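This report refers to the structure that appears directly beneath it.
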Amino acid sequence: PGVIAGPCSAESFEQLSRTAVALKEQGVAVLRAGLWKPRTHPGCFEGVGETGLAWLSAVRKETGMKVCTEVAGATHVKACLAAGIDMLWIGARTTANPFLMQEIADALRGSDIPVLVKNPVSQDIGLWIGALERLSAAGITKLGLILRGFPSVEEKKYRNSPKWTVAVEMRTLYPQLPFFCDPSHMGGSPEYLPEISQKALDLGLDGLMIEVHPSPQTALTDAQQQITP
């Protein structure tokens, strides 16, 4: 399986470099790190922003890894394209907003950067499909999917309910697209990573996006679900 791994949030160049070097030694080719973090409550760490683009570029030069980050609007897209970031992903909250998706699609028009789209926060497959349609209409051909689960008041075990049937349906609709699972956000705890990852691969998904931090207990975001390299 393909593996995309790295910290939930880029916090410093040293943190990114340590993580990337350790992951590269294990054969991971793509480093992920959030620069803009959509936090529910104000006052929380909302990412380092554009400052982190230089860190990602430096780590790529240092390790030879590809680098990717999350975008949630045209400003983010333009900054990433200017910095030469290798790949982008779109988060669950953004996927659920057609206005933002159109803004991102318009900003990406004319580029050939790969874009991975996470499932929306609501269990509405139409929103997921619509996000792909907007990007495709803008001429983006290198698209992929990420299943990170769905918030649910009924879910007792995992942070987000997997809803594997949705994954099967999207795989059936888009068999040609690379399809990843994000077991970190789905499980919400390292103890669930093995079982969720195995289930995803058993269903035929192509790879995993895993949150990795050199010191998870000190992470500024999602400390409870990250693992060490």
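Observations, loosely collected:
- Share of carbon and sulfur in the accessible area of the chain stands at 54%, probe radius 1.4 Å.
- Across Lys66/Lys157; Lys37/Lys163; Lys156/Lys199, pairs whose alpha-carbon gap is larger than 28 Å: Lys66/Lys157
- Rel. contact order, % - alpha carbon contacts under 8 angstrom, at least six apart, segment 80-199: 21 percent
- Based on Cα contacts under 8 Å between residues 6+ apart, the chain shows a relative contact order of 19 percent.
- Estimated 222 nm signal from helices in the chain, with DSSP H stretches of n ≥ 4 weighted -39500 (n - 2.57), rounded to 500: -11500 deg cm²/dmol
- Relative packing of 51-60, 168-177, 85-94, 134-143, which averages over residues the other C-beta atoms within 10 Å, highest first: 85-94, 51-60, 134-143, 168-177
- Highest-first arrangement of 78-84, 204-210, where packing means the average Cβ count within 10 Å: 204-210, 78-84
- Restricting the calculation to alpha carbons of segment 1-135 gives Rg and Dmax of 14.8, 41 angstrom.
- Of [x] 11.5; [y] 19.7; [z] 13.4, the label for mean projected area of the Cα convex hull in nm² derived from the coordinates: [x]
The values are calculated or read from the model by the stated rules, or taken from the named source; none is laboratory data. Treat the numbers as computed from the prediction; the structure is a model and nothing was measured. Here the Cβ is made from the backbone with ideal geometry for all residues, glycine too, and neighbour counts use every protein chain on show. Note: accessible area is taken over every heavy atom of the protein model, side chains too, but ligands, DNA and RNA are not part of it. Shrake-Rupley method; radii C 1.70, N 1.55, O 1.52, S 1.80 Å.
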